[in-house]
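Throughout, read-outs are computed from the coordinates displayed, never taken from laboratory work. Since this is a predicted model, take the numbers as computed values, not measurements. Positions of Cβ are generated from backbone atoms using ideal geometry, with glycine treated the same way; all protein chains shown enter the neighbour counts.
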Amino acid sequence: MAMKVPEKTLNKDSGKVLEVVHPICCGLDIHKAVISGCMVFVDGNGETQTEIREFGTFSDDLLELWDWLLEYDCPVVAMESTGIYWRPVHNLIENLVVVILVNARHIKNVPGRKTDIEDCKWLAGLLRHGLLKGSFIPPKEVRDWRELTRLRKKYTGSLGDYKRRVHKVFETANIKIDSVVSDLFGVTGRNLIKKIIDSESHLTFDDILKCARGTLKGKAEELLRSVRGLFRDHHRFLLRTLLSTIEDLENKILRLDKRIRSTMKPHHDLVKRLDDIPGIDLVTAYAIIAEIGPDLDTFQNSKALCSWAGVCPGNNESAGKRRSGKSPVHKHALKTILIEVAWAAIKKKGSYYKDKYYRLKSRRGSKKAIVAIAHRVLRAVFHIVKNGASYKELGDEYLESKGNKKQLITLQKMAEKLGFELVSV
């Protein structure tokens, strides 16, 4: 005979029944044009009641949402959203209530009963018992920094694309300047590009000498051979258009750099200390601070930060069997930055990161090894930002000396078992 079990929600840590954490709370399911809200409150008789309302997403509609929250004196709101549609709501209510932004994967409703109304009721129910874990929402100032640094990264990527198009145009015109100069967009390369665009006839040896700078003056003959190709008006038009776009992007990046430095000026000392880490330059230091903030109050320790950034393994175990430990965080702006930093850090001679990378690579492969280096870089960043520390280079002999100490202890124990005493010479 089946025994009926009373419905209770247990706290796994204490074994007690979970109490109501938020007697008054609200769950919002946010979409592009519609917001579904569920308000949970206690009436005059002490009974729990709910009210369901729907709002538009224009500013005057959001003001109605504001008034609704004030009407019930709601102290906390949980939001679930796809993309960036939660931001207009958050901009309005972030100073009014505590906002918990939840990951849609973590609070997925029961299949077959999923509607916008049911979703907001589900959110409110979980929030009422304190069962929701909020995402990291940085302060408004840090969000502004993020937008600046991410826009700069987009412009930098576009700039690289347009420079590669210039290379392609030259190849189709049988011009081989990049086979002689190391940087096509260095001073000599730019001079030659502009000269080719402006000149209606083939370049002369004197033209090459006027364009060349530094050691490339000694390669004037080779440069002259490289510019003799099948250059037509069609190529001239393409080059002029591409060069205009490149110069425009470079000017925009310079303006963004100036803006980033001015808005983050109070944290210049922190930027300089991050710059001491191998693989990190000033641009990357600004980008890292823009992603995590200048204080890291939200993260209790470096493990929490590394887990949030997706640079540590995930847990996937069932029935005593461990499955793939791949991190659940696949796409993350900070993770992308850290991987780039790690590739640069392992190229520094005599550094701890280089030695650690090659030790791991031999056992785990290059991809897992580089993520491990990114993990160690982020741990160093955590201590520098959180504790005000400065970076200290351990050197490439640190791991070897550490291994020698362990090996010595092992040999001493083996000698004692055999009745000998190990004496260092």
Problem set entry | Computed magnitude of the charge dipole of region 142-265 (debye, nearest 20; Cβ of K, R +1, Cβ of D, E -1) | 740 debye
For this session: Rank Ile208, Ala333, Ile292 by how far each Cα sits towards the positive end of the charge dipole of the chain (+1 on Lys, Arg Cβ; -1 on Asp, Glu Cβ) and give me just the farthest.
Result: Ile208
Exercise. On the first, second and third principal axes, largest extent first, how far apart are the outermost C-alpha atoms of region 334-425 in Å?
Worked result: 55, 33, 21
Problem set entry | Range in the chain, longest, excluding exposed GluC sites (Glu not before Pro) [loop by DSSP; at most 16 other beta-carbon atoms within 10 Å] | 201-392
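Counting only DSSP beta bridges with both residues in the chain, tell me the antiparallel percent, nearest 5.
Bridges in the chain are about 65 percent antiparallel.
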Seminar exercise, completed: dims of the chain, Cα set, principal axes, largest to smallest, nearest Å -> 97, 85, 48
Exercise. Say the dipole of the chain comes from +1 at the beta carbon of Lys and Arg and -1 at that of Asp and Glu; which of Gly365, His235, Thr115 then lies farthest toward its positive end?
Worked result: Gly365
Exercise. Mind checking the angle between helix 140-172 and the chain's longest principal axis? C-alpha axes, 0 to 90 degrees, to the nearest 10.
Worked result: 40 degrees
For this session: Convert each backbone phi in region 61-78 into a coupling constant with the Karplus relation 6.51 cos²θ - 1.76 cosθ + 1.60 (shift: θ = phi - 60°), then list the ³J(HN,Hα) values in order as whole Hz, x for Gly and Pro.
Result: 5, 5, 5, 5, 4, 4, 4, 4, 5, 5, 4, 9, 6, 6, x, 9, 10, 10
For this session: Please determine, in degrees from 0 to 90 and to the nearest 10, the orientation of helix 333-345 with respect to the longest principal axis defined by the Cα atoms of the chain, where the helix direction is its Cα long axis.
Result: 40 degrees
For this session: Arrange the following residues from fewest to most other Cβ atoms within 10 Å of their Cβ: Met79, Met414.
Result: Met414, Met79
Seminar exercise, completed: Summing -39500 (n - 2.57) over every DSSP H run of at least 4 in the chain, dividing by its residue total and rounding to the nearest 500, the 222 nm mean residue ellipticity is -16500 deg cm²/dmol
Problem set entry | Per-residue Cβ neighbour rank within 10 angstrom, fewest leading, Ile384, Ile292 | Ile384, Ile292
Exercise. In region 25-128, if every C-alpha pair distance is counted and binned at 10 Å from zero, what percent goes to each bin?
Worked result: 15, 53, 27, 4, 0
Problem set entry | Of Phe55, Ala304, Gly134, farthest towards positive along the dipole that unit charges on Lys, Arg, Asp, Glu beta carbons give the chain | Ala304
For this session: Could you size up the charge dipole of region 293-340 around its Cα centre, putting +1 on the beta carbon of Lys and Arg and -1 on that of Asp and Glu, and report it in debye to the nearest 20?
Result: 420 debye
Exercise. To the nearest 20 debye, what is the magnitude of the charge dipole of the chain about its Cα centre, counting +1 on the Cβ of each Lys and Arg and -1 on the Cβ of each Asp and Glu?
Worked result: 2640 debye
Exercise. Near Glu291, within a Cβ-to-Cβ distance under 10 Å, what is the net charge of the other residues, with Lys and Arg +1 and Asp and Glu -1?
Worked result: +3
Problem set entry | Restraint check, Lys348/Lys405; Lys195/Lys217; Lys368/Lys402; Lys331/Lys361; Lys265/Lys303, Cα-Cα greater than 18 Å | Lys348/Lys405; Lys368/Lys402; Lys331/Lys361; Lys265/Lys303
For this session: Please work out the C-alpha center-to-center distance from region 22-89 to region 314-374 and express it in whole Å.
Result: 41 Å
